[in-house]
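Derivation of every value follows stated rules applied to the coordinates shown; laboratory data play no part. These figures come from a predicted structure and were not determined experimentally. Cβ: placed from backbone, ideal geometry, glycine included. Neighbour counts: every protein chain shown.
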Amino acid sequence: MTQLHELDAASTAAAIASGEVSAIEVTQAHLDRITAVDGDVRAFLHVDTEGALAAANAVDEQRSAGAALGPLAGVPLAMKDVVVTKGLPTTSGSKILEGWVPPYDATVTRRVLDAGIVMLGKTNMDEFAMGSSTENSAYHPTHNPWDLSRVPGGSSGGSAAAVAAFEAPLSIGTDTGGSIRQPAAVTGIVGHKPTYGAVSRYGLIAFSSSLDQAGPFGRTVLDAALLHEVIAGPDPLDSTSIPQPGPDVVAAARQGARGDLAGVRVGVVRELTGAGGGYQQGVLDCFRAAVDTLAGLGAEIVEVSCPNFDYALAAYYLIAPSECSSNLARFDGVRYGLRVGDDGSHSLEEVMSLTREQGFGAEVKRRIMIGTYALSSGYYDAYYGQAQKVRTLIARDFAAAFTAVDVLVSPTSPFVAFGIGERVADPMAMYVNDLCTLPASLAGTPAISVPCGLSDETGPALPVGLQIMAPAMADDRCYRVGAAFEAAYTAANGFILKQISQLGAVR
Amino acid sequence: MSDERPTLTRDEVAHLAQLARLAVTDDELDLFAGQLDVILGAVARIGDVAAADIPPTSHAVPLQNVFRADEVRPSLPREDVLAGAPAVEDSRFRVPQILGEEE
């Protein structure tokens, strides 16, 4: 018999709605799973056993009172620690916020709770979402369920690992340069970065405000769509929130699952397919096979060139640090978090500098200083100003491509999961993880990562992700094509997570 | 292009750290000076793009100013806000001395 923690979110919700199982039983099964495996995976920074059981109990009571339940009522979820949660510790993976308990909920948190979703706890992440491996967490690394000696990607590595390890069927991540898509790819799950402005940023601890976007993780495309529907939509508390409702992503996922892509034009981005080297062959092999699968479903495959994508890495690593150097100025040791050196002999400014020195990790300091440099007078035009112009050129490349095709595809990351510690000494070796995901971040366009195969090029068989990109506010195309691909892949190869051999994961 | 960029010196990194209110150690200065120089070298190719006549994009989605009705709404309770502060005195944030002795 399938155990409760192995069910996907849609099946779990259906079983709760029909009375087959209670929300309490489902939540307890996931808490037990966390107890069993999180000592190895370390996906969580904080598990809220009491709160989760109380929330599950409330769903069970509503059901027995005859109230209508939402489509994900009673389904457990893991929340990335960058999202503020009233009454639950929120650190953004940083020591500077250790022990902080927010006095309010993010809009994402509010919507998740209002939908009857059961929040199990807060997940580990690179400090302030800066990183691609979750090794920059100030607390501990998270381990990839496929191979515990490897990283789960990042920055939303805890949220991805929790779903891949069957500790939760759903989780929330945030994506600034690839922080949902890349961890989804290297843990073998589905992750979607919505159109910028589709999901409220209110209550997300800001990293790079013009790029940050929250989105769903799930083990299936439909599960991700169901969660997307819960969290998306206009929010008066975020001035960058798009005032119109988004497309029906759940209907798109269901349509896609029927497996027909006739008439859909798919563009393969020449600049993101490793012509210049730097991509693992195993990744490219899986990607080529995925494109063939899409063609087999009736899609028309076209090669597309987006020449300015080559400058995305340089533009991103100027814009994101510049915005972070401004955003992180709020950590001044006055209103919340750590304070160091307040012994009567140091001025406010000295206390600030000592606090930030002790509270921030190396990558955060590097980015704050790069941003300070790029924004300083004399360099502003050459760096930040020029990066913003390149952003225009990248958006124009997308616009031109989408006159000819409906979606663009690429590998999600040039590599499979790498070993913990392998890339920490060289910041640039870490940054190239985001090569394929950065263009959609800079253009604010939606993109999904769906598992598309396994590569054993670096040792054990490890998952590879297919990235599907669409125009702004056309997130439904990502879900439709993603679900069609998933159905074909699973029919041919079986459910990818069944091939995890560690943790005694799935049967 | 990137080769013409002057290297970032240890003193310049110390100045950046001071501007960013980071009391970095000598060891960190040695480490960061090398790393920041490599990063800036890698991003300097942004200058290779001929973009003089290209308008900058600050946000992916065109933004309009958003107004809301000027209504009084409840704010967070004072004790909830102060609960997360490192130091509180008389229901206020307590801060270290703002003026140094030389002032």
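Calculate the length of the line joining the C-alpha centroid of the stretch A:269-343 to that of the stretch A:158-189, in whole Å. For the stretch A:269-343 versus the stretch A:158-189, the Cα centre distance is 15 Å.
Report summary: the helix-based calculation at 222 nm, which adds -39500 (n - 2.57) for every DSSP H run with n ≥ 4 and divides by the residues of chain B, gives -9500 deg cm²/dmol.
Each residue of the stretch A:344-353 is assigned a 3J(HN,Hα), and the resulting list reads x, 9, 10, 6, 4, 5, 5, 4, 4, 5 Hz, derived from the Karplus form 6.51 cos²θ - 1.76 cosθ + 1.60 (θ = phi - 60°), x at Gly and Pro.
Once you charge only the Cβ atoms, +1 for Lys and Arg and -1 for Asp and Glu, what is the size of the charge dipole of the protein assembly as shown about its Cα centre, to the nearest 20 debye? Show your work: numbers first, answer last.
Numbers: 43 positive and 73 negative charges, 274 e Å.
Using only the charged Cβ atoms, the result is roughly 1320 debye.
Is the shape of the stretch B:1-72 rounded, prolate or oblate, going by the alpha carbon gyration tensor and its root eigenvalues a ≥ b ≥ c, with a/c under 1.5 for rounded and a/b larger than b/c for prolate? Oblate is the answer for the stretch B:1-72, as a/c is 1.5 or above yet b/c matches or exceeds a/b. Across the stretch A:373-379, rounded Karplus estimates of 3J(HN,Hα) from the backbone phi angles (6.51 cos²θ - 1.76 cosθ + 1.60, θ = phi - 60°) give 5, 5, 9, 6, 5, x, 10 Hz, Gly and Pro being marked x.
Given the options B:19, B:66, B:33, identify the residue whose Cα lies farthest towards the positive end of the charge dipole of the stretch B:1-72 (+1 on Cβ of Lys, Arg; -1 on Cβ of Asp, Glu). It is B:66. Modelled spin-label separation between residue A:281 and residue A:255, with each label point placed 7 Å from Cα along the Cα-to-Cβ direction: 4.1 nm.
I need A:79, A:119 ordered by Cβ neighbour count within 10 Å, fewest first. List each step's numbers first, then the result.
On the way: A:79 32, A:119 21.
In order of increasing Cβ crowding within 10 Å: A:119, A:79.
Footprinting exposure proxy ranking of A:408, B:36, fewest other C-beta atoms within 10 angstrom first, gives B:36, A:408.
Taking a ≥ b ≥ c as the square roots of the eigenvalues of the Cα gyration tensor, the protein assembly as shown is oblate, since a/c reaches 1.5 or more and a/b is not larger than b/c. Using the alpha-carbon centroid of each, what span in Å lies between the stretch B:1-74 and the stretch A:442-507? Using only Cα atoms, the two centres lie 34 Å from each other.
One decimal place: the segment residue A:491-residue A:35 gains 160.9 nm when fully extended, by the rule 0.36 nm per residue minus the C-alpha distance. For residue A:428, the shell of other residues with beta-carbons less than 12 Å away shows a net charge of -1, using +1 for Lys and Arg and -1 for Asp and Glu. Relative to the dominant Cα principal axis of chain B, helix B:10-19 is inclined by about 20°. Panel order for A:167, A:61, by other beta carbons found within 10 Å of each beta carbon, from fewest to most: A:61, A:167. Straight-distance candidates among the lysines for linking to residue A:122, with alpha-carbon spacing under 27 Å and chain neighbours fewer than 8 residues away dropped: A:80, A:86, A:95, A:193, A:365, A:498. Nearest 500 deg cm²/dmol is fine: what mean residue ellipticity at 222 nm does chain A get from its DSSP H runs of n ≥ 4 alone, each adding -39,500 (n - 2.57), divided by its residue count? Helix-only estimate at 222 nm: -12000 deg cm²/dmol.
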